1. Quickly estimate the mean residue ellipticity at 222 nm for the protein assembly as shown, helices only: each DSSP H run with n ≥ 4 gives -39500 (n - 2.57), and the total goes over all residues, rounded to 500.
2. Grab the residue from chain B whose Cβ hugs the B-to-A rotation axis most tightly, plus its distance in whole angstrom.
3. Percent of accessible area on chain B owned by carbon and sulfur, 1.4 Å probe?
4. Given a cut-off of 30 Å, name the pairs among A:K30/A:K104; B:K69/B:K134; B:K51/B:K134 whose C-alpha atoms lie farther apart than that in the structure shown.
5. Which is the longest part of chain B that has none of the trypsin sites (Lys or Arg not before Pro) sitting in a DSSP loop with at most 14 other Cβ atoms within 10 Å?
6. Chains B and A: what accessible area do they bury, summed, in square angstrom to the nearest 100, with a 1.4 Å probe?
7. Shortest first and in nm with one decimal, please list how far the B:K133 label point sits from its counterparts in the other copies (point 7 Å along Cα→Cβ).
8. Copy-to-copy spacing for B:E18, label 7 Å out on the Cα-to-C-beta vector, in nm, shortest first?
There are 2 protein chains.
Amino acid sequence: MQFNALVNGHTIVMDAPERVGGEDHGPIPKPFVLTALSGCTGMDIVAIMRKNGKQPDSFNIKVEGEISKQPPIEYVAMHITYEMEGNESDKDDAMNAVNISQEKYCGVSHMLKKIMPVTWDVMYNGHLIFTNKKEAVLAV
Amino acid sequence: MQFNALVNGHTIVMDAPERVGGEDHGPIPKPFVLTALSGCTGMDIVAIMRKNGKQPDSFNIKVEGEISKQPPIEYVAMHITYEMEGNESDKDDAMNAVNISQEKYCGVSHMLKKIMPVTWDVMYNGHLIFTNKKEAVLAV
């Protein structure tokens with residue numbers, strides 16, 4: 001079940017877990033859609049901040065995909081959590097870079113938004129500074 | 001610009017090329033959508049053939065993505081070339097497995113078909129046995 005993907009000069013190993021006949025030598029393929037989204041928007045943000053002479057001290061991106069209940073198993077929603085640490089004075093630049101990526105540059109996000117909700121939270125120095133995730137309404 | 005993606009327990013390095021400020025330590029993110037598509041349908045096909053006691057001797061999958069001319073740069077069409085080698089008597093099984101993957105199981109393909117044409121060729125022992133790529137009409 002192992003496939004070695006050659007992606008612009010780099011080899012990426014994909015494999016299936018043992019329970020479906022693979023040997024787990026690499027990730028399963030489907031989450032690479034989430035990987036593409038994280039890298040696309042992440043690199044946008046770093047590039048945009050750099051243009052303004054800024055850079056986060058640390059930058060972590062988590063992408064969660066909700067999958068369909070019936071085959072074909074596909075993503076039906078995605079949620080991104082951007083976690084950045086850096087100077088407090090760079091917070092607005094960081095938020096601005098997220099907006100520019102999401103509204104203008106990130107082709108993977110733009111593509112996915114045509115077929116599913118794509119939402120995001122922005123955490124800066126441990127504080128939530130933005131979210132567009134619709135919260136479930138709690139029945140009281 | 002380097003991001004290390006943790007994908008079901010495996011680390012995948014993404015990076016940008018040097019001309020845009022990276023160090024080319026890994027693939028750029030966007031083609032991971034193509035990688036996801038190749039692995040998803042490839043593993044389907046191997047699994048389906050195995051259930052029938054078959055296995056290709058070699059199996060290569062090429063996925064080409066056509067990108068938009070304006071930002072956000074996104075895929076607007078994808079074409080898959082399946083290249084399989086194996087027993088001539090397994091040709092119909094191989095073709096059948098491709099059909100089942102494309103029509104029933106491959107969630108990545110199903111997802112992408114909602115927003116762009118996804119077409120495929122099947123080569124078996126060097127011969128084209130199927131294509132659904134619409135050929136350009138040649139003006140005479």
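1. Computed ellipticity for the protein assembly as shown at 222 nm equals -8500 deg cm²/dmol.
2. Nearest residue, distance rounded to whole Å: B:F32, 2.
3. 50 percent
4. Over 30 Å Cα-Cα: B:K51/B:K134.
5. It works out to B:1-68.
6. That pair hides around 4100 Å² of surface in total.
7. Nearest to farthest, the other copies are at 4.2 nm.
8. For B:E18, the inter-copy label distances come out at 4.3 nm.
The values are calculated or read from the model by the stated rules, or taken from the named source; none is laboratory data. Values in this document were obtained by computation on a predicted structure and should not be read as measured data. Ideal geometry is used to build each Cβ from the backbone, glycine not excepted, and the neighbour counts take in all protein chains shown. All accessible areas refer to the heavy atoms of the entire protein, side chains included, with ligands and DNA or RNA removed. Shrake-Rupley method; radii C 1.70, N 1.55, O 1.52, S 1.80 Å.
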